[in-house]
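Below you'll find the structure, written out as structure tokens, and then a few comments.
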Amino acid sequence: MVMAILSFGAKNFYSFKEGFEVSFELNDNCPSEISQGKDYATVLCVKGANASGKTNILKALYFINTFGERSFSNDPSHNIPIESFYDDENPSEFFMEFRVDDITYRYELEVTKKEVIRETLLRKIKRFSKVIERKQNSFTELVNEFQELSDMKLRKNASFISLAYQYDFNSTRLIYNFFNSVISNIGPYGLYDKRPDIKSISKLYFNNPQMFEFAKSIMKRSDLGINDIEIRKSSYENGDEYYYPMFFHNYSGGIGKIGDIDESSGTKALFIFLAYYYTCLKKRCILIMDEFDINLHPHIQPLLVDLFLDPKSNEFGSQLIFTTHNTDIIDSMTKYRTILVNKEDNESYSYRLDEIGGTLIRNDRPIHTLYNDGKIGGVPRL
């Protein structure tokens with residue numbers, strides 16, 4: 001089964017007034033060593049200056065997926081968690097094109113904080129045509145195979161995809177499964193303040209030996225000085241069990257043991273987020289990572305990206321989209337997998353590097369020097 005995002009975008013959302021479109025699609029101009037026989041990328045890098053709007057792109061993708069998958073769980077009286085461009089009263093607009101079972105769909109959504117204005121699902125055979133559409137709380141289009149949806153009561157702050165899942169309808173189950181295939185370190189308002197703690201991840205590794213071996217192998221290859229890791233179990237005074245890691249380091253006098261408290265923040269971050277990578281690679285999903293390189297050395301980042309580029313480790317074609325401050329990685333991402341974000345008069349806009357015409361960016365030349373020199377945008381004006 002193929003499950004992949006092809007493109008997505010938003011308008012009147014945070015710093016994007018006129019909108020943006022991010023495309024994973026690769027055309028015939030993309031070299032085969034990059035496309036690897038696919039017409040879409042498994043990795044996209046989003047670069048730009050601080051406060052340019054990079055995270056807002058990821059927040060849009062997060063919102064589209066979570067609204068489609070879990071909006072039913074919100075209290076019926078709650079607002080929809082979006083922010084328009086400086087409180088613009090017009091609806092915010094979103095779209096996503098994706099592929100499930102070799103069929104291409106397009107999902108469109110217009111919402112305010114108070115309600116869904118329009119929600120549409122289109123399917124492509126030769127061209128896109130509507131198969132489901134709602135306006136406010138009424139369906140205006142339902143082709144035969146989706147007629148069962150007419151039996152459910154729509155809600156102004158929930159998607160019909162999420163509602164149909166609660167009604168246990170089968171006709172939209174594949175669509176729901178796609179929207180349910182996202183793992184992210186951001187929420188509706190940006191990077192999570194709290195990441196999973198060491199003890200909960202240690203318990204996860206303890207109960208999933210293959211996941212732990214994966215994490216351990218990556219950490220041993222990352223030049224952190226780690227020779228081995230053990231997950232140990234102990235108990236609090238009340239008898240409740242907890243789990244914690246012990247890191248083993250080689251040194252000239254032998255092997256030293258270090259608990260997580262004394263490990264570097266980079267080591268702890270990698271220990272935690274490798275569980276994300278493993279889960280995504282094994283579940284056929286989309287991984288959204290804001291500030292992908294936080295607390296990590298720049299040389300470790302390509303090792304993690306390669307997990308999604310290598311067909312052997314990424315057998316299901318899972319996708320990764322991330323923001324980063326690491327500039328050198330643009331060269332390995334190439335112009336076909338790099339999005340730059342800029343801001344003029346506090347309004348953001350974005351483009352993929354292969355959209356820049358002319359011969360400025362070539363496949364046989366480094367890109368990071370052009371970026372550092374400010375010739376292709378995406379850098380702060382100091």
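Just a few scattered comments:
- Surface/4 of the Cα convex hull for region 144-211, nm²: 7.3
- Region 340-361 residues near the modelled ASN27 label - backbone nitrogen below 12 Å, point 7 Å along Cα→Cβ: 354-358
- Between ASP345 and ASN372, the simple label model (points 7 Å from Cα in the Cβ direction) yields a spacing of 3.4 nm.
- Computed from the Cα positions only, the extents of region 47-183 along the three principal axes stand at 48, 36, 26 Å, in decreasing order.
- Working note: Cα atoms of region 288-340, range along each principal axis, descending, whole Å: 28, 24, 18.
- On the principal axes of its alpha carbon atoms, region 213-351 extends 56, 38, 38 Å, with the longest extent given first.
- Accessible carbon and sulfur surface of region 246-332 relative to its total accessible area, %, 1.4 Å: 52
- Probe 1.4 Å, all protein chains present, accessible-area order of VAL2, VAL305, largest first: VAL2, VAL305
- Net dipole in debye of the chain [+1 Lys, Arg Cβ; -1 Asp, Glu Cβ; about Cα centre; nearest 20]: 360
- Extreme residue, positive dipole direction of the chain, given options LEU204, THR172, GLY254 (C-beta unit charges): THR172
- At an R0 of 45 angstrom, the distance between the Cβ atoms of ASP262 and ASP310 translates into a FRET efficiency of 0.85.
- Normalised by 2.2 N^0.38 Å, where N is the number of residues, the C-alpha radius of gyration of region 305-381 stands at 1.22.
- Separation of the alpha carbons by more than 18 angstrom is noted, of LYS54/LYS343; LYS11/LYS38; LYS130/LYS283; LYS199/LYS233; LYS59/LYS113, for LYS11/LYS38; LYS130/LYS283.
- Over region 1-110: Rg over Rh, Cα atoms, Kirkwood Rh: 1.01
- Computed over Cα pairs, the Kirkwood radius of the chain leads via Stokes-Einstein (1.002 mPa s, 20 °C) to a diffusion coefficient of 95 µm² per second.
- Protection proxy ranking, peptides 156-169, 52-65, average beta carbon neighbours within 10 Å, highest first: 52-65, 156-169
- Computed Kirkwood radius, in angstrom, where 1/r is averaged over Cα pairs of region 106-149: 11.0
- Modelled label positions at SER77 and ALA51, each set 7 Å beyond Cα in the direction of Cβ, lie 3.7 nm from each other.
- Computed from the C-beta positions of ARG123 and LYS220, the FRET efficiency with R₀ = 45 Å rounds to 0.45.
- Using a cutoff of 8 angstrom between alpha carbon atoms and counting only pairs six or more residues apart, the relative contact order for region 49-168 works out to 24 percent.
The values are calculated or read from the model by the stated rules, or taken from the named source; none is laboratory data. Predicted model only: the values in this text are computed from it and were never measured. Cβ: placed from backbone, ideal geometry, glycine included. Neighbour counts: every protein chain shown. For accessibility, only protein heavy atoms count, side chains too; no ligands or nucleic acids. Shrake-Rupley method; radii C 1.70, N 1.55, O 1.52, S 1.80 Å.
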